[in-house]
Amino acid sequence: MDAFTMIILACVAGEPKCTSARVAETQFTSIEACEARIDAIATEMTRKLGQRPEFKGREVTYDVSCMDRKQLLQTFGIADLDT
């Protein structure tokens, strides 16, 4: 059974750089299991960003992908041992 990793990129309107996170949970044994957690993780990231006074009231956009080991290596050059 292959494991999946969620790559999430959060961009705050007006900021020059985005924040990224890589989430690898043991429950991510299928693409569906990974995708099922997207809302919860994005909500938590939004909550944390909203606690920063300089970001209050600004739009946050997300780019999220759930990838297996082969896709991580091909897309980002992240090897098995890096996850």
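Considering only alpha-carbon pairs that sit under 8 angstrom and 6 or more positions apart, the relative contact order computed for segment 1-61 is 37 percent.
Within straight-line reach of Lys56, meaning a Cα separation under 22 Å, sit the following lysines at least 8 residues removed in sequence or on another chain: Lys17, Lys48. Label positions at Gln71 and Ser20, each projected 7 Å from the Cα along the C-beta direction, are separated by 1.6 nm.
Tell me the mean residue ellipticity at 222 nm calculated for the chain from its helices only (DSSP H runs of n ≥ 4, each -39500 (n - 2.57), averaged over every residue, nearest 500). Could you put the intermediate results ahead of the total?
Working: 3 runs with 27 residues, N = 83.
Theoretical 222 nm ellipticity from helices: -9000 deg cm²/dmol.
Readers should treat all values here as calculations from the given coordinates under stated rules, not as data from a laboratory. Bear in mind that the values here come from a model prediction, so they are computed numbers and not experimental data. Note: ideal-geometry Cβ built from the backbone for every residue, glycine included; neighbour counts use all protein chains shown.
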